[in-house]
Amino acid sequence: MDYQRILEDIYHEILPFAKEGIQADYIPALAKVNPDQFGMCLQTVSGAVYTCRQADTRFSIQSISKVFSLAMCLSIRGEELWKRVGKEPSGTAFNSLVQLEFEKGIPRNPFINAGAMVLTDILLSELEHPEEQFIAFVRALCGNDEVDYNMEVAASEREKGYLNAAIANLLKYHGTIENDIEHVLNFYFMTCSVEMSCRELAQAFIAFTNHSPFDYCGFRLSSSRIKRLNAVMQTCGFYDEAGEFTYLVGLPGKSGVGGGIVAIYPQRYSVAVWSPRLNIKGNSVMGMKALELLTTRTQESIF
Ligand code: DON
């Protein structure tokens, strides 16, 4: 398959959508990003790498970080994890409070903000140096020690984090989180602030693509657990647009409000795409289009 040619063709085909959508503007650090950027990187399990445009520009991975937190928590807690957080699609926005109140403080899945805070809480309880160990794990997955938190993004998330603070309070009220609300929020915002490029994300997600047993920094996952992690991405990776992404793209994946999306074609390739302009559900407009065209062109999807 001539992936290089396909990526270039896709880029030209989606150019008419280049001005559609608006970038995340809930914090100044994201509002000031140039919205007219696009990058894409596809890496096969055999190590071939294909890039297009700004594949090496780092951006805020935001909710894509929730996949890394889930991998660590599944490694630590195994199936017990699912007593604290569900694995059903939410059908609601990633920061919705309504469902959490209705369901007595048990988040629907680990990829909505409430669910990711439960993961954060588990990491705080279980790890000796959570911030260091989290970033070390991400660096090991992508093979680059320069990947880091962006402290400016984390600080402005904290400053403007009224809704996330409400979620954390509701979780604490229901006894779903053990640690102090402030600690949980601070660490949650740190994980969201990590910056990576499409090339680094595609490399990091190869570990979830090739289904061979996984051991990074002592966090181990069997191939069966990796399969299940992919299942959660498929059903819950795009919040109230999970059905649409499955329908249009047909791959498990995860998005973030920084405009990044990572998707996996199990046992074949991982692909990361980034463009800051978002649709009303918070997913990258050009990213969704690019991945839709990728699986249409290649006729490679899990369905
Ligand atoms: O907590 C938040 O709301 C943001 N830091 C992350 C949200 C996000 O990326 C949701 N994804 N699409």
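The values are calculated or read from the model by the stated rules, or taken from the named source; none is laboratory data. These figures come from a predicted structure and were not determined experimentally. Counting neighbours? That spans all protein chains shown, and the Cβs are built from the backbone with ideal geometry, glycine included.
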Matching residues in segment 284-303 - criterion: being closer than 13 Å to Tyr247 by Cβ and not aromatic (Phe, Trp, Tyr):
Met288, Leu291, Glu292, Thr295, Thr296, Ser301, Ile302
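Yes/no matrix, rows are residues, columns are (1) small (Gly, Ala, Ser); (2) more than 11 Å from the ligand (Cβ to nearest atom); (3) closer than 24 Å to Gln203 by Cβ; (4) crowded, with 16+ Cβ neighbours inside 10 Å:
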| site | (1), (2), (3), (4) |
| --- | --- |
| Ser156 | yes, no, no, yes |
| Glu159 | no, yes, no, no |
| Asn164 | no, no, no, yes |
| Ile167 | no, no, no, yes |
| Leu171 | no, yes, no, yes |
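Return the only residue of Gln43, Gln37, Gln54, Gln99 being away from the ligand (no atom under 12 Å from the Cβ) and crowded, with 24+ Cβ neighbours inside 10 Å.
Values: Gln37 fails: crowded, with 24+ Cβ neighbours inside 10 Å; Gln54 fails: crowded, with 24+ Cβ neighbours inside 10 Å; Gln99 fails: crowded, with 24+ Cβ neighbours inside 10 Å.
Result of the check over Gln43, Gln37, Gln54, Gln99: Gln43.
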Does Gly115 satisfy being outside any strand (DSSP E or B) and within 12 Å of the ligand (Cβ to nearest atom)?
yes
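Just checking, which of Ile22, Ile61, Ile6 is within 21 Å of Val232 (Cβ to Cβ) and either of a type in the set (A, V, I, L, M, F, W, C) or within 17 Å of the chain's Cα centre (by Cα) (or both)? Steps first, answer last, please.
On the way: Ile22 fails: within 21 Å of Val232 (Cβ to Cβ); Ile6 fails: within 21 Å of Val232 (Cβ to Cβ).
Going through Ile22, Ile61, Ile6 in turn, the sole match is Ile61.
Mind checking which residues of segment 151-176 are in a helix (DSSP H, G or I), among the hydroxyl-bearing types (Ser, Thr, Tyr) and in contact with a helix residue (DSSP H, G or I) (Cβ under 8 Å, 6 or more places away or on another chain)?
Narrowing segment 151-176 to residues in a helix (DSSP H, G or I): 151-159, 162-173.
Remaining after also requiring among the hydroxyl-bearing types (Ser, Thr, Tyr): 156, 162, 173.
If the condition is that a residue be in a helix (DSSP H, G or I), among the hydroxyl-bearing types (Ser, Thr, Tyr) and in contact with a helix residue (DSSP H, G or I) (Cβ under 8 Å, 6 or more places away or on another chain), then Ser156 is the only one that fits.
Farther than 17 Å from Ile112 by Cα, within 16 Å of the ligand (Cβ to nearest atom), touching a residue at least 40 places away in the same chain (Cβ under 8 Å) and β-branched (Val, Ile, Thr): is that true of Val232 in this structure?
Values: farther than 17 Å from Ile112 by Cα: no; within 16 Å of the ligand (Cβ to nearest atom): yes; touching a residue at least 40 places away in the same chain (Cβ under 8 Å): yes; β-branched (Val, Ile, Thr): yes.
In short, no.
Yes/no matrix, rows are residues, columns are (1) closer than 17 Å to Asp121 by Cα; (2) touching a residue at least 40 places away in the same chain (Cβ under 8 Å):
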{"residue": "Thr176", "(1), (2)": "yes, yes"}
{"residue": "Asn186", "(1), (2)": "yes, no"}
{"residue": "Cys192", "(1), (2)": "yes, yes"}
{"residue": "Tyr247", "(1), (2)": "no, no"}
Hey, Asn186 hits all of (1) under 23 Å from Gln43 (Cα atoms); (2) out of contact with any strand residue (DSSP E or B) (no Cβ under 9 Å at 6 or more places or on another chain); (3) assigned to a helix (DSSP H, G or I) but one; which does it fall short on?
(1)
Across (1) in contact with a His (Cβ under 6 Å, 6 or more places away or on another chain); (2) assigned to a strand (DSSP E or B), Cys52 clears everything bar (1)
If we keep only residues of segment 13-30 that are loosely packed, with under 13 Cβ neighbours inside 10 Å and at pLDDT 95 or above, then the residue farthest from Glu292 (Cα to Cα) is Lys19
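Go through segment 247-290 and tell me which strands (runs of 3 or more DSSP E), entirely inside it, have 2 or more residues that are under 19 Å from Thr44 (Cβ atoms). Lay out the reasoning, then the answer.
On the way: elements: 253-255, 260-265, 269-274.
Filter on segment 247-290 gives 260-265, 269-274.
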Any chance segment 31-49 includes a residue that's assigned to a helix (DSSP H, G or I) and within 20 Å of Phe238 (Cβ to Cβ)?
no
Could you figure out which of (1) surrounded by fewer than 19 Cβ atoms within 10 Å (Cβ to Cβ); (2) within 16 Å of Ala24 (Cα to Cα); (3) not small (Gly, Ala, Ser) isn't true of Val257?
(1)
